[in-house]
Every structure is written in structure tokens, then in C-alpha cells.
Ligand code: ADP
Ligand code: MG
Ligand code: MG
């Protein structure tokens with residue numbers, strides 16, 4: 001073995017063993033004690049001034065932010081008048097993700113407990129119409145049964161519990177966590193493992209947050225290279241979009257910081273390789289996926305797209321290569337460098353962006369377009385998963401981009417016998433040349449798309465909660481990345497000097513911890529539980545005493 005090969009083996013082994021410790025308890029054993037000790041709640045005196053400044057809108061603090069939600073739910077539990085509502089909330093969430101076989105029983109229990117006026121735990125804030133509907137409907141076993149009730153429940157809590165929460169010690173605890181969340185991060189917080197891949201402006205490394213043991217991917221952007229190749233705008237768009245989206249179907253940004261020479265994006269680590277690799281390089285004699293597997297990935301991709309579109313973001317670069325697998329075999333969308341956000345009031349955009357062979361007709365024709373282009377690329381991606389070739393290219397054929405574009409605009413797609421009728425119908429619905437007829441995002445959701453026959457066996461509630469077992473689990477000892485030598489190095493950049501304006505940009509970019517993922521990390525790795533200690537018999541905790 002040459003030195004490069006040996007280097008890869010050694011790096012892989014360190015990385016594989018760190019990776020084995022990602023979840024919960026095991027992560028604790030990988031922590032750096034000194035760094036962990038730096039995660040300490042401040043005395044309330046030192047953060048009291050933040051009480052009026054922290055994000056305390058109901059939806060953000062009590063629903064979206066994981067630590068805020070936990071503390072709010074602990075508050076509900078502690079209040080006699082809110083206890084039932086808090087419990088109903090948890091029971092509905094449990095219903096949404098339960099298996100079909102348990103649905104009837106769980107629905108029945110919820111109805112008896114909260115919807116019957118003679119029950120001790122009756123929830124009188126639910127509107128009569130919603131109560132009647134749930135009672136009539138609860139034998140139909142659909143995941144959305146309690147959707148309306150949940151909205152009423154949250155409205156009720158906002159009106160009746162938000163003020164009380166903000167006067168409670170649970171809110172002070174929230175403020176303490178927000179203070180900790182706002183502390184600066186730098187490279188000292190992370191330990192790099194091997195390189196995972198190479199991007200346009202730098203390399204992506206596996207890394208570990210030393211204080212908690214959680215593994216991430218660190219995408220490094222070389223400052224000089226960014227400046228020389230005018231990459232500032234693109235980098236900022238990618239960072240802004242990644243920081244805005246929080247979905248288990250899109251890589252999440254947890255930290256943005258800078259070093260002397262680089263800007264760093266610390267994101268969800270996806271250890272399982274990309275879909276392109278799995279389609280073509282795992283079993284070369286039998287490329288592509290069976291329908292069941294293709295269906296599963298398609299569902300997860302749809303959830304990712306739906307989330308982006310709900311946040312007014314067009315992805316534009318969906319393709320197998322950009323869909324990455326995690327340890328369990330779930331997939332997420334990655335590389336949002338070509339994405340674009342529609343400003344309020346504007347529903348269309350223009351611009352040539354994407355990958356040849358995937359781009360939608362209206363985009364190629366330089367017309368205005370919207371989210372529809374992403375459902376065309378979804379159709380191309382699904383087609384390729386089944387056929388193991390793109391729909392507009394013969395296998396192994398070398399064609400000019402112009403010819404591929406011409407085919408996309410004009411030619412019908414041929415389907416091999418590998419496609420079932422449901423799958424072919426779906427591909428056709430997605431690859432409609434006319435965007436107006438295409439399946440996709442309507443009324444702010446993908447409900448119509450999700451109800452297509454191809455998805456008839458999918459329990460979307462469980463899928464969306466990440467609870468449907470994946471069809472394929474990557475091998476935990478395999479490193480689905482190139483050998484270190486093959487990743488390729490960058491040449492050094494000379495003659496670039498930074499000025500104040502550059503440094504201003506770097507500071508704006510390096511905004512630190514991103515609240516939701518940071519809070520998730522604290523909960524997942526057990527640090528939240530270790531810090532969220534209350535005083536004797538549930539009374540005011542010591543550190544809150546005046
Ligand atoms: P660029 O936008 O510069 O092309 P990418 O985001 O595509 O950069 O990242 C470059 C490569 O790094 C990818 O092709 C992939 O191999 C690897 N990579 C990127 N993000 C992750 C991640 N979250 N987890 C694991 N590997 C990643
Ligand atoms: Mg890329
Ligand atoms: Mg990119």
C-alpha cells in the first residue's frame with residue numbers, strides 16, 4: 001500500500017470509530033470534558049437583560065424551537081389548568097406518527113379522554129364542529145384526523161398559557177439557554193476527521209462538536225478563492241437558505257463561523273454516500289433501484305421539496321448526486337448553492353440554473369418559472385432511479401447540451417418494462433412539458449402529489465416523522481467517500497489581499513450558532529437534560545434565587 005492509501009485507512013478508522021458514537025449516550029463518552037464544561041448556564045443575573053430581547057413569539061418559542069417547546073410543555077404540566085391541553089398535544093403528536101394498526105385504538109382513546117363532555121379531562125376549548133368531525137371520522141384512520149384540533153389547541157395555548165409561561169421560571173430557564181446559544185463559536189469547538197468531498201471553494205470534512213460528541217460535516221470555503229472567483233453572493237445565499245430551513249429531508253446548518261483563511265458551514269453529516277453512487281457503483285451489473293426503494297427516496301425528496309417551497313425557495317438542482325444518505329439510510333437534499341428565494345410578493349423568477357438533462361422546459365426556454373421546475377427534476381430523478389439512465393439520453397450516449405435541451409422541450413419520454421403503470425403515470429405527471437399541467441406544489445402543499453397511486457402504501461405521517469424504516473441501510477464500517485488522495489487538492493491562491501469590506505462580509509457570514517439545530521444537538525446528546533436541573537422538590541432552582 002502506498003502512503004496515500006495508508007493515510008486513507010488510518011483516517012477512515014478514526015472517522016468510523018467517532019461515527020459509531022453519534023447517538024445519545026455513546027456520544028457522551030466521546031466528549032472533550034474541558035469543552036463540555038464550557039457549556040454552562042449563566043446565572044440569571046447575567047442574562048436577565050435578555051428577557052425582553054429573546055425570540056418569544058408563540059410559534060417560534062413554544063412550537064418550533066425544541067428547547068423552548070420542551071420548557072413550555074414542562075410548564076403546561078406544572079399548571080393544573082393547562083395539564084390536559086399539554087397532554088392532548090402530546091397524544092396528538094403520538095397519533096400522527098403511530099403505525100396504522102394502532103391508529104384506531106389511539107384515536108378512540110383520545111376521543112374518550114378529551115372529546116367527551118362527561119370525561120374529567122374534557123377539553124372544552126375545542127370547537128364543537130371539530131369535535132363532531134373527529135368523532136364521526138375517527139374510524140377512518142387517516143393521519144390528518146386531528147389537524148384541525150391541533151390548530152385550535154395551539155391557538156388556545158397561545159391565548160391562555162403564553163403569558164403565564166413568560167412569567168414562570170421555565171421562561172427564565174429558556175432565557176438562560178438562549179444566552180448559552182448566543183455564545184460565539186470558533187474552530188476550537190470542533191475536531192476535524194477525514195475529508196469527505198470537494199466542492200468549488202474548498203473541501204468538506206467530517207468533524208465532531210467536541211463539547212457534545214455530535215458529528216457534523218464541515219464545508220470550508222477558502223476566503224481567497226471566494227474573493228478571486230466572486231463567490232460571496234453565492235456563499236451568502238447558500239448560508240442564508242440553509243439556516244432558514246429546518247427539515248429532516250434537507251441538510252441542516254448548525255453553525256457558521258470563520259477561521260483566518262476560511263468560512264465554515266457546519267451541517268448535518270451524511271455518511272452514506274449519494275444516490276448516484278448507490279445507483280451505479282454498488283452493483284454495477286444491476287444499476288438503478290427497484291420500485292420500492294425508488295418510491296421511498298422519492299417520498300423523502302418530496303418532503304424536502306415541499307418544505308423548501310413552503311419557505312419560498314426554489315432548489316433548481318435536484319439530481320441523484322445531490323441527494324445524500326445518512327447512517328440509517330434516510331435521504332436529504334444537499335448543495336443548495338443554486339437555490340433561489342422568491343421575495344415576498346414575487347411568485348416567479350428567471351435565470352439559467354441547474355444541471356443539463358434535468359432542467360425543466362420553461363427554464364430552458366428562458367421563460368419565467370416557479371417551484372414547478374423542481375417537480376420536473378423530480379420526475380427525471382425518479383425515472384433515472386428506475387431506468388438507470390436519464391430520460392433524455394440513451395445509456396452511454398454522448399450528446400451536446402443543446403440537443404438534450406431540445407429533447408426535453410420537444411420529445412416524449414420512453415418507458416421500459418421496468419416501470420409499473422403507477423410509476424409511469426407519476427413520471428409522466430411530473431415531467432409534463434407544460435408547467436400548468438404538472439403535478440407539484442398546490443395550495444401551499446403537495447397533498448395531490450402525495451395521494452398519487454404510486455404512493456398508496458406509504459404512511460406519510462410516519463415517513464415525515466422519520467419513523468418508516470429505510471429500504472437499505474448503509475454499512476456502518478464502509479466509508480462512502482473517495483480515497484483521500486483522489487479527492488484532489490486545491491492550488492494555492494496568490495495576490496489576493498483582504499480589505500475592510502471583505503472582513504465585513506466575513507463577519508456577517510459567520511453568524512454563529514443556528515438556534516433550532518443547536519437546541520436539537522443539546523437535547524439529542526443529553527446536554528439539555530444535564531443542564532436543565534431544578535432545585536429541591538421542583539421549587540425554584542438555586543441559580544434562579546434572587
Ligand atoms: P459545492 O457546492 O462546492 O459543489 P457540495 O455542497 O456539493 O459543494 O459539497 C462537495 C462534496 O462534499 C459533495 O459532493 C459531497 O461529496 C461532500 N458533502 C457535502 N455535504 C456533505 C454532507 N452534509 N455530508 C457528507 N458529505 C458531504
Ligand atoms: Mg456540489
Ligand atoms: Mg454548490
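The values are calculated or read from the model by the stated rules, or taken from the named source; none is laboratory data. Keep in mind it's a predicted model, so treat the numbers as computed, not measured. Positions of Cβ are generated from backbone atoms using ideal geometry, with glycine treated the same way; all protein chains shown enter the neighbour counts.
Here are the numbers for the structure shown:
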read-out: Where a residue in the stretch 193-209 is under 17 Å from residue 335 (Cα atoms) and its partner, wherever it lies, is part of a loop (DSSP other than H, G, I, E, B) and near ligand 1 (Cβ under 6 Å from one of its atoms), with Cβ under 9 Å and at least six apart; value: 196/269; 196/270; 199/335; 199/337; 200/337; 206/269
read-out: Positions within the stretch 242-279 being more than 24 Å from residue 384 (Cα to Cα) and assigned to a helix (DSSP H, G or I), in sequence order; value: 242, 243, 244
read-out: Members of the stretch 340-356 found to be surrounded by 20 or more Cβ atoms within 10 Å (Cβ to Cβ) and more than 20 Å from residue 234 (Cα to Cα), listed by number; value: none
read-out: Residue list for the stretch 206-237, restricted to those being within 16 Å of ligand 3 (Cβ to nearest atom) and within 22 Å of the chain's Cα centre (by Cα); value: 217, 218, 219, 220, 221, 234, 235, 236, 237
read-out: Breaking point among (1) within 18 Å of residue 488 (Cα to Cα); (2) at pLDDT 95 or above; (3) in contact with a helix residue (DSSP H, G or I) (Cβ under 8 Å, 6 or more places away or on another chain), for residue 220; value: (3)
read-out: Yes/no for residue 146 being surrounded by 21 or more Cβ atoms within 10 Å (Cβ to Cβ), free of Cβ contacts under 8 Å to residues at least 60 places away in the same chain and within 16 Å of ligand 2 (Cβ to nearest atom); value: no
read-out: Filter result for the condition that a residue is surrounded by 15 or more Cβ atoms within 10 Å (Cβ to Cβ) and in contact (Cβ under 8 Å) with a residue 60 or more places away in the chain, over 524, 445; value: 524
read-out: Tally of residues being surrounded by fewer than 13 Cβ atoms within 10 Å (Cβ to Cβ) and within 19 Å of the chain's Cα centre (by Cα) across the stretch 448-466; value: 0
read-out: Residue tally, condition in contact (Cβ under 8 Å) with a residue 60 or more places away in the chain, surrounded by fewer than 16 Cβ atoms within 10 Å (Cβ to Cβ) and either in contact with a strand residue (DSSP E or B) (Cβ under 6 Å, 6 or more places away or on another chain) or closer than 22 Å to residue 511 by Cα (or both), over the stretch 244-293; value: 2
read-out: Residues of the stretch 314-349 satisfying the condition of being touching a strand residue (DSSP E or B) at 6+ places or on another chain (Cβ under 7 Å) and over 25 Å from residue 293 (Cα atoms); value: 314, 339, 340, 341, 342, 348, 349
read-out: Counted residues, the stretch 169-207 - those being modelled with pLDDT of 95 or more, within 16 Å of ligand 1 (Cβ to nearest atom) and touching a helix residue (DSSP H, G or I) at 6+ places or on another chain (Cβ under 7 Å); value: 0
read-out: Any chance residue 394 is at pLDDT below 95 and under 21 Å from residue 290 (Cα atoms); value: yes
read-out: Residue ID - nearest to ligand 3 (Cβ to nearest atom), chosen from residues in the stretch 150-187 that are outside any loop (DSSP other than H, G, I, E, B) and without any contact (Cβ under 8 Å) to a residue 40 or more places away in the chain; value: 151
read-out: Enumeration of residues in the stretch 319-352 that are assigned to a loop (DSSP other than H, G, I, E, B), under 20 Å from residue 366 (Cβ atoms) and within 15 Å of ligand 3 (Cβ to nearest atom); value: 338, 339
read-out: Test: residue 241 is touching a strand residue (DSSP E or B) at 6+ places or on another chain (Cβ under 8 Å) and within 13 Å of ligand 1 (Cβ to nearest atom); value: yes
read-out: Matching residues, the stretch 60-85, being without any contact (Cβ under 8 Å) to a residue 40 or more places away in the chain and either crowded, with 16+ Cβ neighbours inside 10 Å or under 23 Å from the mean Cα position of the chain (by Cα) (or both); value: 60, 69, 73, 84
read-out: Neighbours by Cβ (under 6 Å, 6+ apart or cross-chain): first from the stretch 321-346, more than 15 Å from residue 385 (Cβ to Cβ); second in a strand (DSSP E or B) and more than 16 Å from ligand 3 (Cβ to nearest atom); value: 340/349
read-out: Among the candidates 284, 291, residue that is farther than 30 Å from residue 519 by Cβ and modelled with pLDDT under 95; value: 284
